Amino acid sequence: MKLGIRVTRALGLISAAAVLSFPAHLSAAEVAGVKLDDSVRLANQELKLNGAGVRYKAVFKVYVAGLYLPEKKSAVQDVLAAPGPKRVTIVMLRDVSNEELGRGFMSGIQQNSDKNEKARLIMQLQKFGEIFASIPELKKGDVLTTDWIPGTGTVVHVNGKKVSDVLPDVAFYNALLKIWLGEKPVDAQLKPLMLGEKPETGTRGNNS
């Protein structure tokens with residue numbers, strides 16, 4: 001009887017130790033059935049999931065977007081000014097053509113950048129447009145990441161495969177962030193979620 005109690009206690013201690021030693025980066029947040037890591041490692045630094053939500057077009061779910069930063073931020077200017085690496089992870093919720101996705105990205109940049117910014121970034125915008133020309137289609141479940149790496153620049157991956165040249169200007173990465181966080185975001189209800197607000201319960205309104 002005593003032996004059985006000892007074995008049970010030992011197993012309990014082993015289980016507790018396993019939970020305590022379980023790597024933090026393997027825990028995940030779930031959005032629309034998509035699991036996003038609570039933290040990721042980029043450029044030898046841990047980034048935390050700042051916030052995440054679903055991008056809607058009309059009533060249709062297009063993708064889940066998650067913003068990763070070294071420290072959590074709730075104001076747009078703080079996000080743009082934050083030092084260190086950054087990442088936006090996009091997980092597709094339906095098949096989207098390269099033309100549709102590229103048009104959405106470029107429109108978001110155009111609407112949230114002034115004339116001087118667009119003139120300064122024109123070469124990088126052209127290269128960014130070429131990325132979508134090289135990807136025939138993004139399918140449901142595909143993962144697109146846009147990373148800012150200090151000292152390197154913006155790097156884009158699809159399903160872990162690099163699909164872009166390095167785009168060196170931090171102003172370009174901030175222009176990308178403003179697709180979701182700018183004054184005219186691609187989805188007005190996604191913006192506060194990426195800034196860490198809790199989602200409201202209820203029916204989504206239409207977004208164009």
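The values are calculated or read from the model by the stated rules, or taken from the named source; none is laboratory data. The shown structure was predicted, so the numbers you read here are calculated from the model rather than taken from an experiment. Cβ placement follows ideal geometry from the backbone for every residue including glycine, while neighbour counts extend to all protein chains displayed.
Okay, here's what the table says:
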| quantity | calculated |
| --- | --- |
| G202 being under 19 Å from V64 (Cα atoms), surrounded by fewer than 13 Cβ atoms within 10 Å (Cβ to Cβ) and at pLDDT 95 or above | no |
| Filter result for E99 (assigned to a loop (DSSP other than H, G, I, E, B) and either free of Cβ contacts under 8 Å to residues at least 60 places away in the same chain or of a type in the set (V, I, T) (or both)) | no |
| Residue within region 59-70 that is farther than 15 Å from L177 by Cβ, surrounded by 16 or more Cβ atoms within 10 Å (Cβ to Cβ) and touching a Ser or Thr at 6+ places or on another chain (Cβ under 9 Å) present | yes |
| Hits in region 109-136 - residues which are modelled with pLDDT of 90 or more and outside any helix (DSSP H, G or I) | N112, S113, D114, L121 |
| Hits in region 66-93 (condition: within 24 Å of K35 (Cα to Cα) and of a type in the set (A, V, I, L, M)) | L67, L69, V79, V88, I90, V91, M92, L93 |
| Residue in region 149-183 that is surrounded by the most Cβ atoms within 10 Å (Cβ to Cβ), counting only those that are more than 19 Å from A81 (Cα to Cα) and touching a residue at least 24 places away in the same chain (Cβ under 8 Å) | V156 |
| Residue list for region 149-182, filter: in contact with a Gly (Cβ under 9 Å, 6 or more places away or on another chain) and part of a strand (DSSP E or B) | L167 |
| Criterion: surrounded by 20 or more Cβ atoms within 10 Å (Cβ to Cβ), closer than 22 Å to V62 by Cα and either of a type in the set (G, A, S) or out of contact with any Leu (no Cβ under 9 Å at 6 or more places or on another chain) (or both) - qualifying residue of G141, G108, G104 | G108 |
| Residue within region 52-64 that is out of contact with any strand residue (DSSP E or B) (no Cβ under 8 Å at 6 or more places or on another chain) and either free of Cβ contacts under 8 Å to residues at least 12 places away in the same chain or closer than 30 Å to E130 by Cα (or both) present | yes |
